[in-house]
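The values are calculated or read from the model by the stated rules, or taken from the named source; none is laboratory data. Keep in mind the model is a prediction, meaning the values are calculated, not measured. A quick note on method: Cβ atoms are made from the backbone with ideal geometry, for glycine too, and the neighbour counts reach across all protein chains shown.
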Amino acid sequence: MLKTGILNPQVLSLLARVRHTNALVIADRGFPFWPQIETVDLSLVDDVPTVLQVLGAVRPVFDVAQAYMAREFKGHNPAAVQAKFNRALGSIPLKFEPHIEFKKRIPGAIGLIRTGDTLQYANVILVSG
């Protein structure tokens, strides 16, 4: 029995299948459903869990080489929220792109983890190293 780290079996299974240069999406509660992509829905109630909480759980066990977010995130969220995301990603290169371009990357992802996050555009694509 697992006692520490990620305990959710679906999240563990999804992470185990991500390989070099594959992408994983961590999305807010309003993110559209993509039928062709495996989705692990962790949303419980508003802001439980958040994208940052899931990112914090995934980072120690997931080799991230690049991250993507929608440029609109910057316009819809205060500087303090943006700083939290920057701290959570640390030294991982983060590229902001228009939301429409961001969404074009989704079909290539191995899977998507949906959270209860209510922050607008708080979606992150993590590309494995």
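Does Val64 qualify as being of a type outside the set (Asp, Glu) and in contact with a Ser or Thr (Cβ under 7 Å, 6 or more places away or on another chain)?
yes
Search the stretch 1-40 for residues being loosely packed, with under 14 Cβ neighbours inside 10 Å and of a type in the set (A, V, I, L, M, F, W, C), and hand back the single one that is modelled with the lowest pLDDT.
Met1
State whether one or more residues within the stretch 102-121 are free of Cβ contacts under 8 Å to residues at least 40 places away in the same chain and not basic (Lys, Arg).
yes
Of all residues in the stretch 86-115 being of a type in the set (A, V, I, L, M, F, W, C) and in a loop (DSSP other than H, G, I, E, B), which is surrounded by the most Cβ atoms within 10 Å (Cβ to Cβ)?
Across the stretch 86-115, the extreme among qualifying residues is Ala109.
Yes/no matrix, rows are residues, columns are (1) closer than 20 Å to Lys84 by Cα; (2) of a type in the set (A, V, I, L, M):
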site: Val11; (1), (2): no, yes
site: Val18; (1), (2): no, yes
site: Ile26; (1), (2): yes, yes
site: Pro49; (1), (2): yes, no
site: Gln53; (1), (2): yes, no
site: Val58; (1), (2): yes, yes
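Among the residues of the stretch 47-67, is there at least one that is under 13 Å from Asn123 (Cβ atoms) and not hydrophobic (A, V, I, L, M, F, W, C)?
Checking the stretch 47-67: at least one residue is under 13 Å from Asn123 (Cβ atoms) and not hydrophobic (A, V, I, L, M, F, W, C).
Quick one: count up the residues across the stretch 63-106 that are closer than 14 Å to Ala27 by Cα and not hydroxyl-bearing (Ser, Thr, Tyr).
Qualifying residue count, the stretch 63-106: 10.
Of the residues Asp46, Asp63, Asp117, which single one is under 19 Å from Gly5 (Cα atoms) and of a type in the set (Asp, Glu)?
That would be Asp63, the only listed residue that is under 19 Å from Gly5 (Cα atoms) and of a type in the set (Asp, Glu).
Taking the stated definitions as given, is Ser43 closer than 16 Å to Ser128 by Cβ and of a type in the set (Ser, Thr, Tyr)?
No: the conditions fail for Ser43.
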